[in-house]
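The values are calculated or read from the model by the stated rules, or taken from the named source; none is laboratory data. Values in this document were obtained by computation on a predicted structure and should not be read as measured data. Counting neighbours? That spans all protein chains shown, and the Cβs are built from the backbone with ideal geometry, glycine included. Only protein heavy atoms, including side chains, enter the accessible area calculation; ligands, DNA and RNA are left aside. Shrake-Rupley method; radii C 1.70, N 1.55, O 1.52, S 1.80 Å.
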Amino acid sequence: MRKLLLLFVLVFVSGIMSAQELVPFSMSHDIKSVVYHTVDAKGNLLSVSKDSIALDSGDFFNGQATIYSFVTTGDKTTKVKLPISFEEGEVIVDIGKIIQESMNQMLSEEEDGEEMKEMLGEIEVTGEAKGIPADIKVGDKLPDYELVIDMGIVATKIKAYDRKVVAQETVTTDAGTFDCFVIEITQSVRAFLSNEKSYSRGWYSRGLGVIKEEVLDKKGRVLQTKTLVEVVPGT
């Protein structure tokens with residue numbers, strides 16, 4: 001049970017860290033939703049995601065909002081509700097709060113509630129996942145950040161570092177043509193005796209978010225690609 005719970009936390013945090021990069025400059029108020037396709041190295045479709053953002057208070061520079069993401073893999077659709085804050089145009093995610101709320105929901109649906117409740121009480125999550133600042137230029141190095149998931153007998157550290165703005169490029173997808181900043185990020189997950197690294201390269205457009213994102217191996221080969229395929233205008 002403990003290993004399954006840890007796996008759930010790691011997968012959930014990984015998903016959040018990916019989702020929060022969807023709005024580095026935020027989707028503008030006149031966009032209802034965006035649709036992405038993720039494919040593997042051979043072009044096979046892995047998943048389809050549809051994301052929208054609702055402003056709860058303030059504005060997209062300093063305020064509170066919620067991202068709603070529906071990810072369909074095969075015949076299964078998963079919904080993620082992600083509360084975020086805008087601080088001077090940068091997206092900040094309170095990972096600990098989100099995980100606790102999600103686990104409380106999971107606990108309410110778990111038949112063996114007492115055992116799960118005891119394990120949940122041992123978990124402590126510290127750190128914040130940071131998005132991409134509103135004011136960037138080619139050559140900028142963005143701040144690192146780290147999350148620590150402490151389950152009492154084992155702690156897992158997730159770190160995003162070497163975040164840098166490497167270029168400005170024009171990208172064309174099925175959704176249109178966009179002027180983008182290209183940002184590279186290295187992420188490491190250290191748990192038990194293992195230390196796994198992953199690498200990503202993303203193309204981000206102001207007023208919309210991520211247009212294209214590649215996951216790479218350590219040799220720079222593309223393992224999978226996520227691409228914006230549709231922008232649904234607001235009414």
- request: Kindly indicate whether THR173 is touching a Leu at 6+ places or on another chain (Cβ under 8 Å), touching a residue at least 12 places away in the same chain (Cβ under 8 Å), β-branched (Val, Ile, Thr) and within 24 Å of LYS212 (Cα to Cα).
  value: yes
task: Give the residues of segment 127-142 that are open to solvent by 60 Å² or more (accessible area, probe 1.4 Å) and either touching a helix residue (DSSP H, G or I) at 6+ places or on another chain (Cβ under 9 Å) or within 14 Å of GLN187 (Cβ to Cβ) (or both), sorted by residue number.
output: GLU128
task: Just give me the residues in segment 200-216 being surrounded by fewer than 18 Cβ atoms within 10 Å (Cβ to Cβ) and modelled with pLDDT of 90 or more, in sequence order.
output: LEU216
query: Of everything in segment 58-82 that's within 18 Å of ILE31 (Cα to Cα) and touching a Lys or Arg at 6+ places or on another chain (Cβ under 9 Å), which residue is most open to solvent (accessible area, probe 1.4 Å)?
result: PHE70
